[in-house]
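Here the structure comes first, spelled out in structure tokens, and everything after it is commentary.
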Amino acid sequence: MTTTSDARRHQQSLPVPATARPHDLHWIRGALQSAIAIEHATMPLYSAAMYSLEVQNYPAYNTLRSVLMEEMLHMAAMCNALAAVGGRPRIRSLDPSAVLHGLPGLVTGLRARLAPLSRRQLEVFMSIEGPDELSPPPADDRVGYASIGAFYRAIREAVEKNAAAVAAACRGRQHANQVGGNLGYRVVRPTGDPVEQILASIDLVIDQGEGAGGSTRSAGPPSDEELSHYARFAELRYGRGYTGPAAHEAAGPGRRSEGQRRWFRGPSLSWPRVINTLAVPRDGYRALLAVDPRRGEVEPRLRQFDEAYTRMLAALDDAWNGPPEEGWPALGRAVLEMNELRVISCFEIVRQQVPGDVVGRITELYPQEAMELGALTDLSAPVYYGPRFENRGL
């Protein structure tokens, strides 16, 4: 895994928008690249939780998989939006370790670590997907956003205010491809109204993430009233199906202290069997592996996974930035690599146990991280390795 300084440097190299800057076409391009980085950042988090499930046909697995698939589509939609306004989606250089320091796009207070599924981790996921009224405000709203939805609404407002410039850019020279069109996300067609198409893509991302607004946590008619990502994670966290607000509170916001727990009183949901994988330290297990006598069996599998992950990012980059006729084949290669990630993780990596005496040295090996690692993994039970998601192209 990249070092702390490397991760910060890479995150700073992204065109992260500052709220104080003029929200012009240049800002919109930078914001859309940050949106791509945000959507990408959620994928390793949700994947690590999904891969930690012992049985992959229960509601918890289906929930995680459904959200993960939509995050992929959200990323693709933002790639198409950026390509439409004359930008080039930078996918090959995305850094999965950036979430250790916080989400891209100046979305404040949201940092995370790859870890097995747990109620604590689900609370992190709910914070990532949460609506504004459940998100603590940033310390300075001039330089940050309370939620991902707030960040996307800032992009939406900028697109509306610069509609003429956005439309002209969409009809000008294009440097990247439009990819997809029948996979659940939009391509931007210059023959229609490109501004409305981009706004529709942004609205879909917001609604599927936090809900369509008001007193509901559903994603609205364009998504067949499916539950938002926030609500799906909350069902798992609370162990109950979503029922929505009582009639007397239908017009009011949720109470932040409860996270709307009272809205989840439906049928009980059983907790899945979870493999006790070790939350990933900043160094990608390197200090741990150095003292593991079985590292010769573990390291090749971790490396194989990371190489497949790197190839996946490269294939996605090729889909948008390569020859147009190679867009679909490149997307197909990325899908194959995604499947390879699941196979390597579930059948190889998470079956590799960390020796008990090595687990006993975690405080010594990771003095600055041991407390958090212990909060996300039960160190008193058998511990296993998990996928670490390194982009080896960085």
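The values are calculated or read from the model by the stated rules, or taken from the named source; none is laboratory data. In this text the structure is predicted, and so the values were computed from the model without any measurement. A quick note on method: Cβ atoms are made from the backbone with ideal geometry, for glycine too, and the neighbour counts reach across all protein chains shown. Quick note on the areas: whole protein, heavy atoms, side chains included, nothing else; ligands and nucleic acids left out. Shrake-Rupley method; radii C 1.70, N 1.55, O 1.52, S 1.80 Å.
Odds and ends about this structure:
- Condition met for residue 92 (open to solvent by 10 Å² or more (accessible area, probe 1.4 Å), farther than 17 Å from residue 390 by Cα, out of contact with any strand residue (DSSP E or B) (no Cβ under 8 Å at 6 or more places or on another chain) and in contact (Cβ under 8 Å) with a residue 12 or more places away in the chain): no
- Single residue of region 51-64 satisfying the filter (out of contact with any Lys or Arg (no Cβ under 9 Å at 6 or more places or on another chain) and within 19 Å of residue 339 (Cβ to Cβ)) that is surrounded by the fewest Cβ atoms within 10 Å (Cβ to Cβ): 57
- Restricting region 134-157 to residues that are under 18 Å from residue 36 (Cβ atoms) and surrounded by 21 or more Cβ atoms within 10 Å (Cβ to Cβ), the residue that is modelled with the highest pLDDT is 155.
- Matching residues, region 290-302, being closer than 21 Å to residue 96 by Cα and without any contact (Cβ under 8 Å) to a residue 12 or more places away in the chain: 299, 300
- Looking across region 314-330, the residues that are open to solvent by less than 40 Å² (accessible area, probe 1.4 Å) and either under 12 Å from residue 180 (Cα atoms) or not hydrophobic (A, V, I, L, M, F, W, C) (or both) come down to 316, 317, 319, 320, 322, 327, 330.
- Complete set of residues in region 103-133 that are farther than 21 Å from residue 29 by Cα, at pLDDT below 90 and assigned to a loop (DSSP other than H, G, I, E, B): 109, 110, 111, 130, 131
- Residue selected from region 212-229 under the condition of a type outside the set (D, E, K, R) and in contact with a Leu (Cβ under 8 Å, 6 or more places away or on another chain), by the criterion surrounded by the most Cβ atoms within 10 Å (Cβ to Cβ): 219
- Residues of region 43-73 classified as in contact (Cβ under 8 Å) with a residue 12 or more places away in the chain and over 23 Å from residue 182 (Cα atoms), total: 17
- For region 179-212, residues that are in contact with a Gly (Cβ under 8 Å, 6 or more places away or on another chain), part of a helix (DSSP H, G or I) and hydrophobic (A, V, I, L, M, F, W, C) total 1.
- Pairs with Cβ under 7 Å, 6+ apart, first in region 362-373 and buried (at least 16 other Cβ atoms within 10 Å of the Cβ), second outside any helix (DSSP H, G or I) and basic (Lys, Arg): 369/282
- Of residues in region 256-286 being of a type in the set (A, V, I, L, M) and open to solvent by 30 Å² or more (accessible area, probe 1.4 Å), the one modelled with the highest pLDDT: 274
- Filter result for residue 174 (surrounded by fewer than 23 Cβ atoms within 10 Å (Cβ to Cβ), in contact with a Gly (Cβ under 7 Å, 6 or more places away or on another chain), in a loop (DSSP other than H, G, I, E, B) and of a type outside the set (A, V, I, L, M)): yes
- Number of the exception - residue 169 against (1) at pLDDT below 95; (2) closer than 13 Å to residue 85 by Cα; (3) in contact with a Gly (Cβ under 6 Å, 6 or more places away or on another chain): (1)
- Among (1) in contact with a Pro (Cβ under 6 Å, 6 or more places away or on another chain); (2) free of Cβ contacts under 8 Å to residues at least 40 places away in the same chain, the one test that residue 349 misses: (2)
- Sub-9 Å Cβ pairs linking a first residue in region 124-137 that is touching a residue at least 60 places away in the same chain (Cβ under 8 Å) and within 19 Å of residue 45 (Cα to Cα) to a second residue that is among the aromatic types (Phe, Trp, Tyr) and open to solvent by 40 Å² or more (accessible area, probe 1.4 Å), at least 6 apart or interchain, number zero.
- Inclusion of residue 67 among residues that are under 14 Å from the mean Cα position of the chain (by Cα), closer than 14 Å to residue 31 by Cβ and open to solvent by less than 10 Å² (accessible area, probe 1.4 Å) is not warranted.
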